[in-house]
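Colleague: Right, I'll just put the structure down here and ask away after.
Just so you know, all these numbers are worked out from the coordinates, no wet-lab data involved. On a predicted model such as this, the values are computed, not experimentally measured, just so you know. All Cβ positions, even for glycine, are placed from backbone atoms using ideal geometry, and neighbour counts span all protein chains on display.
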Amino acid sequence: MKQPTPSKKSTSIAWLAAVLLLAAGSARAQIGSGWSQFSLSGDFIDYEVGGKHFQHSIATFSLPSCWYTKGSYWEKFGLSTADSNRVEHDSNHHFNTGSVQFQGDLVIHSGISQQSVVQDFGGGSGGPICMIKGYGRNNGALVVTRDTSFDLINNLFNGQKVRVNITHDTGAHKITIYINGTQRWSGGDAGTSYSGSYNFKYGLYGSFNAATYTYWENVKFFKK
């Protein structure tokens, strides 16, 4: 039986819906406009065993105390025993001018307890100028360490995936955190007196509490 030919009106509606869907996807690509995505170069996995730092290529490996699994668009970071307290993807992109944005989709798992999932490192002897940690409270929460009095988001132990964006404008000395596209925190960086650089790290880092892991996917970096 001959199939009916779609009308021009229905074809136009379908085309418009596709355009709107594409536009919506593009709008979620990063927070704000004027950003250019860039690829990392020289990045590595930074892990600790027995209090000593080691570097590993961006490739799957497993040790008795920590492990890392690399997929096509996702990464898993796991701590197994108290002999390790860190397994992180170090961007190795150091900046002190312009603006940089980190973006990724995160799932945290039970066992996490005040362990960093992403940090904007730099700012002097204090280490990270801004860090988001996974807390066990409220059935799994994300908390910015500059103000631990509130949750950026919670109830994450149900497998919920959360979009995390962090923008760092070095000209304005301002860092802003967005959760699922909504601004949840903003604060200053190290200020004009700081002459060093910053760089992003993400994964799992902090005093060991229990075996656990984090899952990151579609991590991207932008600059302008």
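Colleague: Between 0 and 90 degrees, rounded to the nearest ten: what's the tilt of helix 8-27 against the longest Cα principal axis of the chain?
Modeller: 10 degrees
Colleague: Note the full-extension length gain between K70 and Q183 as 0.36 nm times their separation in residues minus their Cα-Cα distance, in nm to one decimal.
Modeller: Values: separation 113, 0.36 × 113 = 40.68 nm, distance 2.95 nm.
Gain on stretching K70 to Q183: 37.7 nm.
Colleague: Could you list the residues of region 47-71 with an amide nitrogen less than 18 Å from a label point located 7 Å from the Cα of A82 in the Cα-to-C-beta direction?
Modeller: 48-52, 64-66
Colleague: Also, quick follow-up: Please give the Cα centre distance for region 34-48 versus region 112-185, rounded to the nearest Å.
Modeller: Between the Cα centres of region 34-48 and region 112-185 lies a distance of 19 Å.
Colleague: At 222 nm, what value in deg cm²/dmol follows for the chain if DSSP H runs of at least 4 each add -39500 (n - 2.57) and the sum is divided by all its residues, to the nearest 500?
Modeller: Dividing the helical sum by the residues of the chain leaves -3000 deg cm²/dmol.
Colleague: Working out 0.36 nm times the residue gap between T60 and N218, then minus their Cα-Cα distance, what length gain in nm do you get to one decimal? Before the final figure, lay out the partial values.
Modeller: Working: separation 158, 0.36 × 158 = 56.88 nm, distance 1.70 nm.
That works out to 55.2 nm of additional length.
Colleague: Moving on. Over region 35-223, what number does the Rg to Rh ratio reach, with both radii from the alpha-carbon atoms and Rh per Kirkwood?
Modeller: Values: Rg = 15.5 Å, Rh = 16.5 Å.
Result: Rg/Rh = 0.94.
Colleague: Taking the beta-carbon count within 10 Å as an exposure proxy, list S36, S84, S186, S65 from fewest neighbours to most. Provide the component values of the computation, followed by the final result.
Modeller: Details: S36 9, S84 23, S186 13, S65 20.
Listed from fewest to most nearby Cβ atoms, that is S36, S186, S65, S84.
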